[in-house]
Amino acid sequence: MVSIASKYGSAITLYLILDTLMDQSFESRWRAGVLAALHLLCILAKSQADAIHLYYGRRAATRIRQELISSVLNNVVARPVAVPNSQLGKKGSRTRRPKRERTKSWMSTSQIRSRSKEEHDVDLNKLQSDSNRVASFVSSLYIMFGAPLEIAIGCAFLV
């Protein structure tokens, strides 16, 4: 909101500066100087708000991208493991082994179909492109939230 208000505030101050400079009196020049200082403050506020949006947007995008990649990779690694008949329960249901044993047995079993390097590369490429799309969407999300406010301020100045 600060970025949008400062953007329109700087445009208004430029208009008022040009309007006050039409008169050549000392008072109008003093007023134009005050408006120029106000214009400088509006530009500084806008640039500071944009820098903050960029910082937090990139930070959130990186965090979401890392979580997305780790969750997908965890789902790929945590595939079901074939359980030997000795570990079946009384009613024929599987009993769960501790996670550490499951991981070791997963690494050593040859029953899971091994995928070729090309299949892994295609999956990782898809994962990378999807995570980059999500990250760019998150980093530019503040623009979509500011659009209705910008439309409202623009319509108010048109009236």
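Has segment 51-58 got any residue that is assigned to a helix (DSSP H, G or I), more than 22 Å from ALA156 (Cα to Cα) and basic (Lys, Arg)? Scanning segment 51-58 turns up at least one residue that is assigned to a helix (DSSP H, G or I), more than 22 Å from ALA156 (Cα to Cα) and basic (Lys, Arg). Whenever a residue of segment 126-142 is of a type in the set (Asp, Glu), its partners that are surrounded by 15 or more Cβ atoms within 10 Å (Cβ to Cβ), lying with C-beta atoms within less than 9 angstrom and at least six residues away or across chains, give the pairs ASP130/LEU68; ASP130/VAL72. Among the conditions (1) without any contact (Cβ under 8 Å) to a residue 60 or more places away in the chain; (2) among the hydrophobic types (A, V, I, L, M, F, W, C); (3) surrounded by 14 or more Cβ atoms within 10 Å (Cβ to Cβ); (4) under 30 Å from SER136 (Cβ atoms), the only one that LEU68 does not satisfy is (1).
Restricting attention to segment 6-38 and to residues that are closer than 24 Å to ALA147 by Cβ and touching a helix residue (DSSP H, G or I) at 6+ places or on another chain (Cβ under 7 Å), the residue that is surrounded by the fewest Cβ atoms within 10 Å (Cβ to Cβ) turns out to be LEU14.
When residues in segment 1-45 are screened for being of a type in the set (Ser, Thr, Tyr) and over 38 Å from the mean Cα position of the chain (by Cα), 3 of them pass.
No lab work stands behind these numbers, since they all come straight from the coordinates. As the structure is a computational prediction, the values presented were derived from the model and not from experiment. When we count neighbours, we look across all protein chains shown, and the Cβ atoms used for this are built from the backbone with ideal geometry, even at glycine.
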